[in-house]
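S.K.: Mind looking over this structure? Questions follow.
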Amino acid sequence: MLHATELLGGEAYDVQGNFVGRVSELYIEPADQPNRVARYLLGRGKYLPLLARHDQISSVAPGVIKLNVEEKELEHFHTNEAWLAVRKDLLDQQIIDTRGRKVVRVNDVDLAEQRTNGTVELRVTDVDVGLTGAARRLLQGLASPMMIRRIQQKLPARTIRWEFVNLIEADPLRRVKLRITHDKLEKMHPADLADIMEELSPTERQSIIASLDEQTAAEALAELDSRLTSQIFERMAPEKAADIIEEMEPDKAADLLAGLTPEMSQDVLEELPGKEAREVEALLSFDENSAGGMMTTDFVYVGETATRAQVVDWIRSRDIKLEQLDTIFLIDADAKLSGAVAVARLLLTEATEGLAHLKSEPLVSIAPDANEKEVFAIFDKYNLRSLAVVDVTGRPIGAITVDDVITRLRASL
């Protein structure tokens, strides 16, 4: 096992044993091999630096690398923003530990040797975020590598496997080219991702959102503190903001737009497709602390004469977020609310059973102008997971879900 700090500043010699330069940077090419040190930057004082490829390395040890070619066979340095620089982009930088779901700072990078056809490749295995890496950095140049290793053995190690590392890249150009490093974030739970984003600076939060696809960004922003969400959207182009809001539930989208400046809110609404824009504008007309302000217009309702098989087939044909589907509302021939059926009951009944026979009692609903305390009371009294919101004619216009109630209750504590 080697460490990046043991190589940076080390001496490089060619195949003839001639001194070539000092290692000033290690480069990874994420698009090619996400953990291989692909190139070594060799500084030569007043002369142009050289680059040694991974297949030009014959041996590596703390403080020294040996090449299998002569100096003249090395290429001159040229910048490439798609490369990941260990010293510049990793050491002392904040990264996201996607397994531990937290932000940490890198003190060193651990490297493993892999011998291939007479050459030595270095592979990044871990990043050191503990005292061992900090000690190596502090003692570098003050003690020999072997002395430093003996000292670090007495310290507790704290490392993160490279596959669980996600970079925080603020530069838009590099963010696109290094997109491979951001894929791990899209696999995290939105609530965990929101917790991480709250620890970052405004610029870093902006970079994380820019690296995510619209659906993942929408889910994470829905979990983020509303003040921070507004800050992020105020710095976005309206068309980008609209793409993300389009992936949100209508009530979450309305809450977000309500927190923006009137100018920004209007710009985003103009970028939304007609149907989504009308839904959000309708929700914005309600007081945020009313049942109408809490409801979503994204809910499932069917005719009360439908059978279990018909409803299941219809749900399968629709783009419905199944993880949020726990109640199906019924309407009569006049489109008035006539009942509610828990989705779990569909599992326990015959395909030909009519939904009217499965509805819960009593029939509970609420008016859109009811205040949030009335909503809380009804959810508590009837142990609901969803509550229909009806207009003056008794027709359902939205639904309030238990997660919205919990969010409001937490905010009021």
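S.K.: Of the conditions (1) surrounded by 15 or more Cβ atoms within 10 Å (Cβ to Cβ); (2) touching a residue at least 24 places away in the same chain (Cβ under 8 Å); (3) of a type outside the set (Gly, Ala, Ser), residue 22 clears all except one; give me its number.
M.R.: With respect to (1) surrounded by 15 or more Cβ atoms within 10 Å (Cβ to Cβ); (2) touching a residue at least 24 places away in the same chain (Cβ under 8 Å); (3) of a type outside the set (Gly, Ala, Ser), residue 22 is out only on (2).
S.K.: Quickly run through region 281-297 and pick out the residues that are under 12 Å from residue 397 (Cβ atoms) and of a type outside the set (Gly, Ala, Ser).
M.R.: In the first step, residues of region 281-297 are kept if they are under 12 Å from residue 397 (Cβ atoms); the result is 282-283, 285-286, 291-292, 295-297.
Residues satisfying the conditions are 283, 286, 295, 296, 297.
S.K.: Residue check: is residue 320 of a type outside the set (Gly, Ala, Ser), modelled with pLDDT under 95, surrounded by 12 or more Cβ atoms within 10 Å (Cβ to Cβ) and not in a strand (DSSP E or B)?
M.R.: When the stated conditions are applied, residue 320 passes them.
S.K.: Here is a further query. Look through region 206-222, keep the residues that are among the charged types (D, E, K, R) and modelled with pLDDT of 90 or more, and return whichever of them is surrounded by the most Cβ atoms within 10 Å (Cβ to Cβ).
M.R.: Step one: list which residues in region 206-222 are among the charged types (D, E, K, R), which gives 213-214, 219.
Those still in the list that are modelled with pLDDT of 90 or more too: 214, 219.
On the way: 214: 16, 219: 22.
My answer is 219.
S.K.: Among the residues of region 268-317, write down those that are assigned to a loop (DSSP other than H, G, I, E, B), touching a Lys or Arg at 6+ places or on another chain (Cβ under 9 Å) and closer than 19 Å to residue 331 by Cβ.
M.R.: 298, 300, 304
S.K.: Still on this structure, I have one more. Filter region 75-90 down to the residues that are more than 16 Å from residue 34 (Cα to Cα) and either touching a helix residue (DSSP H, G or I) at 6+ places or on another chain (Cβ under 7 Å) or in a strand (DSSP E or B) (or both) and list them by number.
M.R.: Within region 75-90, 75, 76 qualify.
S.K.: Is it the case that some residue within region 250-265 is under 30 Å from residue 356 (Cα atoms) and buried (at least 19 other Cβ atoms within 10 Å of the Cβ)? Talk me through it step by step, then tell me what you get.
M.R.: Taking region 250-265 and keeping what is under 30 Å from residue 356 (Cα atoms), we get 250-251.
Restricting the remaining residues to those that are buried (at least 19 other Cβ atoms within 10 Å of the Cβ) gives 250-251.
Yes, some residue in region 250-265 is under 30 Å from residue 356 (Cα atoms) and buried (at least 19 other Cβ atoms within 10 Å of the Cβ).
S.K.: List pairs: first in region 62-79 and open to solvent by 60 Å² or more (accessible area, probe 1.4 Å), second part of a helix (DSSP H, G or I), Cβ under 8 Å, 6+ apart or cross-chain?
M.R.: Close Cβ pairs satisfying both conditions: 73/56.
S.K.: Quick one: in region 113-146, which of the residues that are assigned to a strand (DSSP E or B) and of a type in the set (A, V, I, L, M) is modelled with the lowest pLDDT?
M.R.: Pass one, region 113-146, residues assigned to a strand (DSSP E or B): 113-116, 119-128, 140, 143.
Narrowing the set further to residues that are of a type in the set (A, V, I, L, M) leaves 120, 122, 124, 127, 143.
Numbers: 120: 94, 122: 96, 124: 95, 127: 93, 143: 68.
Going through the qualifying residues, I end up with 143.
S.K.: Name the pairs whose Cβ atoms lie under 7 Å apart, with the first residue in region 188-212 and closer than 16 Å to residue 230 by Cβ, the second outside any helix (DSSP H, G or I) and of a type in the set (Lys, Arg), and 6 or more positions between them or separate chains?
M.R.: Taking only residues 6 or more apart or on different chains, the pairs are 206/235.
S.K.: Out of the residues in region 368-383 meeting the condition of being open to solvent by less than 40 Å² (accessible area, probe 1.4 Å) and part of a loop (DSSP other than H, G, I, E, B), tell me which one is farthest from residue 309 (Cα to Cα).
M.R.: Top of the filtered list is 370.
S.K.: Considering 315, 400, which residue is under 27 Å from residue 248 (Cα atoms) and touching a strand residue (DSSP E or B) at 6+ places or on another chain (Cβ under 6 Å)? Give the derivation first.
M.R.: Working: 315 fails: touching a strand residue (DSSP E or B) at 6+ places or on another chain (Cβ under 6 Å).
When all the criteria are applied, what remains is 400.
The values are calculated or read from the model by the stated rules, or taken from the named source; none is laboratory data. Everything numeric here is computed off the predicted structure, so don't read it as measured data. We place every Cβ from the backbone using ideal geometry, glycine too, and count neighbours over all the protein chains shown. Calculation scope for accessible area: heavy atoms of the full protein, side chains included, ligands and nucleic acids excluded. Shrake-Rupley method; radii C 1.70, N 1.55, O 1.52, S 1.80 Å.
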